[in-house]
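> Encoded as structure tokens, here's the structure I'll be asking about.
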Amino acid sequence: MPAAMRWLTLALLVLYPVAWTAPLLRAGLLPFFSLSEISVVTGFRALWDSDVFLALVVGLFGFIAPYAKTIGLALVQFGRAPAWLARPLALVGRLAMADIFLIALYVVIAKGVGVGRVEVAWGLYLFTALILASLWIGWRTERGQR
């Protein structure tokens, strides 16, 4: 496994917590009021207050799955875990991509309602890039282990 791939994997471990706290969206009820920033963490907290089961599902696929997958990939890349583990980790990474779909769906729905204002913030792009990078790294690691 190339050293650059290992460094990219370790960078994901640092950047995931940044993406979780970065603003994904700015939303407001009316156009002339200030916008509230929504991050993965603040969205999770709000969801926890209203629906614990759904919050647990989002927590599993939004926090635990991508981070556990990245730790597993790093262990495989550094020879601390068996190579066969790369294939199941790739599946876990695909499940983590569901978060991006849900966030995009919420943006489309919120914009379609027309009552408030929703703006995409830089954290959504960062989070999307990290998930896509993780998928790519997982694919490359799995290919390299055959």
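The values are calculated or read from the model by the stated rules, or taken from the named source; none is laboratory data. No experiment lies behind these values; they were computed from the predicted model shown. Neighbour counts are summed over all protein chains in view; Cβ atoms, including those assigned to glycine, are modelled from backbone coordinates with ideal geometry. Heavy atoms of the whole protein, side chains included, go into the accessibility calculation; ligands, DNA and RNA do not. Shrake-Rupley method; radii C 1.70, N 1.55, O 1.52, S 1.80 Å.
> When both residues are 6+ apart or on different chains and their Cβ atoms are under 7 Å apart, which pairs have a first residue that lies in the stretch 1-27 and is touching a residue at least 12 places away in the same chain (Cβ under 8 Å) and within 14 Å of Thr141 (Cα to Cα), and a second that is among the hydrophobic types (A, V, I, L, M, F, W, C) and open to solvent by 70 Å² or more (accessible area, probe 1.4 Å)?
Qualifying pairs under 7 Å: Arg6/Phe78.
> Here are the criteria: (1) touching a Lys or Arg at 6+ places or on another chain (Cβ under 9 Å); (2) surrounded by fewer than 18 Cβ atoms within 10 Å (Cβ to Cβ). Tell me which single one Leu10 does not satisfy.
Tallying (1) touching a Lys or Arg at 6+ places or on another chain (Cβ under 9 Å); (2) surrounded by fewer than 18 Cβ atoms within 10 Å (Cβ to Cβ), Leu10 fails exactly one: (1).
> Mind counting the residues in the stretch 68-82 that are in a helix (DSSP H, G or I) and in contact with a helix residue (DSSP H, G or I) (Cβ under 6 Å, 6 or more places away or on another chain)?
Filtering the stretch 68-82 down to residues in a helix (DSSP H, G or I) leaves 68-77.
So of that shortlist, the ones also in contact with a helix residue (DSSP H, G or I) (Cβ under 6 Å, 6 or more places away or on another chain) come out as 69-70, 72-74, 76-77.
Going through the stretch 68-82 one residue at a time, the tally reaches 7.
> Considering only the stretch 30-84, state which residues are among the polar types (S, T, N, Q) and either under 19 Å from the mean Cα position of the chain (by Cα) or open to solvent by 30 Å² or more (accessible area, probe 1.4 Å) (or both). It would help to see each step written out before you state the result.
In the first step, residues of the stretch 30-84 are kept if they are among the polar types (S, T, N, Q); the result is 34, 36, 39, 42, 50, 70, 77.
If the condition is that a residue be among the polar types (S, T, N, Q) and either under 19 Å from the mean Cα position of the chain (by Cα) or open to solvent by 30 Å² or more (accessible area, probe 1.4 Å) (or both), then Ser34, Ser36, Ser39, Thr42, Ser50, Thr70 are the ones that fit.
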